[in-house]
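The numbers here are math on the coordinates, done by the rules we state, and not lab data. Everything numeric in this text was worked out from a predicted model, so none of it was measured. Reconstructed Cβ throughout: ideal geometry from the backbone, glycine too, with neighbour counts over all protein chains shown.
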Amino acid sequence: MGLQRFTSGTVRYQSHWNAIQLFRRISTSTVTCSDNKINIGGKEYEKDHMTNITPRILSHIGWNLHSRKYHPLCHIRQRIVNYMYDRFLNPRGNPLFSVFDSINPVVTVDQNFDSLLIPKDHISRKKSDNYYVNQNTLLRAHTSAHQTEFMKMGLDNFIVVGDVYRRDEIDSSHYPVFHQLEGVRLCTEKEVYGNHQDMKKYKLFENVERTAERQGVHHIEAVMYLEKDLKNCLAGLATHLFGKDVEYRWVDAYFPFTHPSWELEVKIEDAWIELLGCGIIEQEILANAAVNDKIGWAFGLGLERWAMKLYSIPDIRLFWSRDSGFLSQFQFEDPTTSVTYKVSLIDSFTHPKTKRTSHCYRIVYRHMERPLSQKEVNVIHKKIEELAAERFKVTIR
Ligand code: FA5
Ligand code: MG
């Protein structure tokens, strides 16, 4: 039910129980579609000129891969959540963050865009980039769509995990449905300056000119504190998961809902891959949620990208695989178990006279969208043979 449990099985955050009751998990069986209506999770939506959600996309709703036992996205989400639990404790030693992982992916245009100060004519609203249920409703394009509602409920430290939908071209690192983990942390003046005697003279707010470094209402000391807190947290997460030698870099970025904003990139086989976006939350968003005495940071990361890096998974489409050859590699209880995704060796034989060893591997070729022809497979297979011969100095039989 969207609650994180201790290994002992006790449910945390009873006080948020009412909030959690608002969100019923959608399952795959509760999505249907007719000529002029779409039904998702028991709620009916009228189609209109903006409707562009397809049956194929509808069929992805309700899988909740991030909550499926043994799924790599579930393992990685648990590792990230545990890291956040350990890093941010309240004075009594309990985790500060609450986790929400089963919020309906159908959101309003207001939630996905307006509440985040995304301009009316911003390209990210385009029909060609999103899956609209109708003109007022869409499948969330990011988990940031839920920021405001949780702030309004009075939460200061929360994590939202969920499936998100975008009309992206499909390739090895892009898929129209992927999963994000959003973290939001709001701090009072006491939390920002409390531990620093020499800083107690500073305030959170100050009316200044908006620059690249800060919003027009923020005190520079407060912004610097938050930037450090945010970057240490996220770079710390990268080194926690990928090892202290991981190559990463911070890149300046732009989001309408944060300023300043950054992206974290890590190196995967000589290419820089973007793992997350983050920044200092626009104060106007907090004001709209009736939060007037705090400033905060937020980040949104792509779970698939983190899992691909951690487990060496070469293609984002594999996360939707029902092939046991993929899923069986993640059948473990302890999410910290280390895995490197691999094809399986099914036979090994050493010739008694020549002492040469032959290995037999099974590779299953499957296109993620359509059947493959033998001719197409031959081309790929030949390529793998050539690369294996070149890299491992083997003879192909
Ligand atoms: C966002 O979605 C912002 N909401 C993130 C954010 C949250 C910024 C809070 C500031 C504060 P972006 O579109 O860059 O930003 O996506 C965030 C992450 O999702 C990316 O860094 C990447 O890890 C992942 N991602 C984006 N598009 C795809 C895709 N098509 N397939 C897989 N992962 C993706
Ligand atoms: Mg980005």
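So how do M151, M84 line up by other beta-carbon neighbours within 10 Å, fewest first? Could you put the intermediate results ahead of the total?
Values: M151 23, M84 20.
Going from least to most buried by this count: M84, M151.
If neighbour count is taken as other Cβ atoms inside 10 Å, put V31, V184 in order from fewest to most. List each step's numbers first, then the result.
Numbers: V31 17, V184 23.
Lowest to highest Cβ neighbour count: V31, V184.
With both labels modelled 7 Å from their Cα along Cα-to-Cβ, the D198 to D48 distance reads 5.8 nm.
The distance between label points at T32 and E209 comes to 6.2 nm (points 7 Å beyond Cα on the Cα→Cβ vector). In region 51-184, Cα pairs under 8 Å separated by at least six residues give a relative contact order of 26 percent.
Our summary gives region 176-279 a relative contact order of 15 percent, counting only alpha carbon pairs under 8 angstrom and 6 or more residues apart. If you run the Gaussian network model on the chain, springs between alpha carbon atoms under 10 Å, then out of S373, S27, S172 the most flexible one is S373.
Cβ-to-Cβ counts within 10 Å put L387, L73 in ascending order as L387, L73, the fewest first.
Using Cα pairs closer than 8 Å and at least 6 residues apart in sequence, work out the relative contact order for region 200-244, in percent.
Details: 27 pairs, mean separation 11.8, N = 45.
This gives 26 percent for region 200-244.
If you average the C-alpha positions of region 237-256 and of region 296-357 separately, how far apart do those two centres end up, in angstrom? Comparing the Cα centres of region 237-256 and region 296-357, I get a distance of 22 Å. Peptides 42-50, 282-290, 87-95, 160-168, ordered by how many other C-beta atoms sit within 10 Å of their residues on average, highest first, read 160-168, 282-290, 42-50, 87-95. Which one of Y361, Y85, Y193 has the biggest mean-square fluctuation once the chain is modelled by GNM with Cα springs under 10 Å? It is Y361. Springs join every pair of Cα atoms under 10 Å in this Gaussian network model of the chain, and among N64, N195, N378 the largest mean-square fluctuation is at N378. Between the amide H of D48 and those of Q135, distances stay under 5 Å, these residues lying 5 or more places away or on another chain, with hydrogens modeled in the peptide plane. Taking a straight line from the alpha carbon of K375, these lysines sit under 25 Å away, with near neighbours fewer than eight places off in the same chain left out: K342, K383. Cross-link pairs exceeding 28 Å between alpha carbons, from the set K37/K120; K47/K120; K231/K294; K69/K126; K127/K309; K228/K267: K69/K126; K127/K309.
Please report, largest first and rounded to whole Å, the three semi-axes of the ellipsoid equivalent to the chain, where each semi-axis is the square root of five times an eigenvalue of the C-alpha gyration tensor. Spell out each step's value before the answer.
On the way: eigenvalues 321, 150, 86 Å².
The answer is 40, 27, 21 Å, longest axis first.
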